[in-house]
Amino acid sequence: MPEIEDHPLRYALVNELHARPFPALSLPCQAVYVAIKEPVEAANRDRAADRAHLVALVDRHGVSHPQPDATHYAATIGRHDLKWESHTEFVTYSAFSAGLGARAFDPADADVFPPDWLATMPGKRLAALSIRVEPLPDDPAGALARIDDWFVPESLACSWVLDEVAIIAGDFRIDPTGQMRFAVFVRPGTGPRRIGRIVQRLCEIETYRAMSMLGLGRARDLTARLNPLEPRLAALVAALNDDHTAAEATLHQLLDISAELESLATRHSFRFGATAAYEAIVNQRIEVLREARLEGRQTFGEFMRRRYDPAIRTVKSAERRLDQMGQRAARAGELLSTRVEVERSAQNQRLLESMDRRADLALRLQHTIEGLSVVAISYYAVSLATYVLLPLTEALHVEKTLLTAALVPVVMATAWLALRRIRRSMH
């Protein structure tokens with residue numbers, strides 16, 4: 001019995017589900033993370049340059065290269081476990097190492113990514129994190145004391161996560177070395193995979209937050225472009241009922257505005273769509289942490305609602321404004337096109353009426369000419385008939401004048417009947 005044939009993408013799609021497993025981390029440990037994005041849209045990314053940059057790093061440690069078309073890679077470089085992932089718009093590097101230094105968040109911890117190697121990255125640094133993972137003391141107050149010492153209280157977010165298995169903390173500020181710091185205190189006995197999930201989600205929250213907020217700059221630029229367009233569009237819409245304004249001139253101006261709005265929509269649609277997708281990921285990653293309040297401190301979710309959500313609402317507002325202006329311009333164009341068509345129909349109606357009047361005048365003139373033609377034809381016909389019949393009438397002693405007088409009514413009647421018959425046959 002022949003075997004059923006698999007879809008050519010079946011195994012590739014299943015493998016994608018297992019392509020990015022969570023790291024397994026033991027207490028205590030630390031993680032250094034960096035996300036790099038090229039300053040171009042996703043379709044124009046040079047993925048070969050990203051791979052070459054990764055190869056340049058692993059060659060320093062003499063480890064194997066990734067596959068040519070790989071989207072993820074893991075290796076051990078020195079005392080660090082390296083994890084590399086290629087996403088739609090960016091690449092990420094994660095380095096995990098066991099143990100902790102004596103100094104919290106020591107800049108030397110980030111030396112796993114050498115400065116000269118970072119300087120040649122094919123893109124710009126989008127996110128850089130330093131995560132310190134320690135055992136949770138028996139008294140959480142000890143962890144809180146260190147958290148208060150490490151972070152800025154005004155923007156500190158701190159909470160229990162995963163049913164009070166761990167405490168996470170961070171202030172979402174960039175330190176002088178360019179790193180954003182996070183601390184994780186985990187109860188002893190927690191599984192390595194669970195610790196890895198917490199660290200991975202912190203990295204994802206910051207990365208996708210940064211990616212989603214790229215739309216904020218676009219929204220501000222778009223708002224600056226829409227501000228002068230909106231009053232122009234409003235003025236054109238108000239002029240739709242103005243009979244003194246030429247409809248076709250107004251239509252040309254409206255088409256210019258519509259074309260510019262469509263160009264703006266095309267230019268910003270990808271970034272706004274990506275912002276919405278990344279925002280959903282940020283909220284989902286925070287939700288799965290299952291936060292619980294820790295001694296009245298603000299949670300990560302509360303921090304995002306106060307600091308992050310307004311920026312996203314600004315992006316959505318700009319997107320809605322662009323969409324609404326495009327719809328208004330389209331509706332105004334339809335109304336204006338209808339007005340132009342009505343005016344053209346009225347012009348065509350007046351033109352047809354003028355043509356009817358000219359045709360009526362031409363018909364009357366034709367009838368007048370036909371009457372004159374009867375007279376002219378009769379005149380010449382009477383002359384010819386007189387010449388033809390004159391010899392006969394002279395033999396009968398009939399005068400020429402009497403002959404002419406007798407021929408006139410007969411010839412005119414004949415000519416009139418002949419023209420009438422010709423006209424009737426034509427119609």
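Fully extending the segment from GLU164 to ILE369, taken as 0.36 nm per residue of separation minus the present Cα-Cα distance, adds 62.7 nm. The alpha carbons of region 214-351 stretch over 84, 20, 20 Å along the principal axes, in descending order.
Relative to the Cα centre, what is the charge dipole magnitude of region 1-107, using +1 at the beta carbon of each Lys and Arg, -1 at the beta carbon of each Asp and Glu, and rounding to the nearest 20 debye? Please list the in-between numbers first.
Details: 10 positive and 14 negative charges, 114 e Å.
It comes to approximately 540 debye.
Helix 400-426 and the longest principal axis of the Cα set of the chain meet at an angle near 20°.
Placing pseudo-labels 7 Å out from each Cα toward the beta carbon at SER155 and GLU341 gives an inter-label distance of 5.7 nm.
Against the chain, whose longest principal axis comes from its Cα atoms, helix 247-288 is set at around 20 degrees. Based on C-alpha pairs under 8 angstrom that are at least 6 apart in sequence, the chain has a relative contact order of 15 percent. Considering only Cα atoms, the convex hull volume of the chain works out to 329 Å³ per residue. Between GLU16 and ARG232, the C-beta separation translates, for a Förster distance of 45 Å, into a calculated FRET efficiency of about 0.40.
Considering region 19-191, its Cα convex hull presents a mean projected area of 11.1 nm².
Please list, in order, the residues from region 100-138 whose amide nitrogen is less than 18 Å from a point placed 7 Å along the Cα→Cβ vector of ASP59. Hits in region 100-138 for ASP59 at 18 Å: 113-123.
Mind ordering 112-123, 160-171, 57-68, 261-272 by average Cβ neighbours within 10 Å, highest first? Please report the intermediate quantities before stating the final value.
Numbers: 112-123: 14.1, 160-171: 20.3, 57-68: 12.6, 261-272: 16.2.
My ranking of the peptides, most packed first, is 160-171, 261-272, 112-123, 57-68.
Starting from the Cα of GLN67, move 7 Å in the Cα-to-Cβ direction to define the label point; list residues of region 18-39 whose amide nitrogen is under 19 Å from there. Within reach of a label on GLN67, which here means backbone N under 19 Å from a point 7 Å along Cα→Cβ, region 18-39 contributes 18-22.
Along the charge dipole of the chain, Cβ charges K/R +1 and D/E -1, which of THR275, ALA210, SER159 sits furthest on the positive end? In the chain, that residue is THR275. Magnitude of the charge dipole for the chain, about its Cα centre and with charges confined to Cβ atoms of Lys, Arg (+1) and Asp, Glu (-1), is about 880 debye.
No lab work stands behind these numbers, since they all come straight from the coordinates. Owing to the predicted nature of the structure, the values given are computational and were not obtained by experimental measurement. Because the Cβ atoms are built from the backbone with ideal geometry, glycine has one as well, and the counts that use them run over all protein chains shown.
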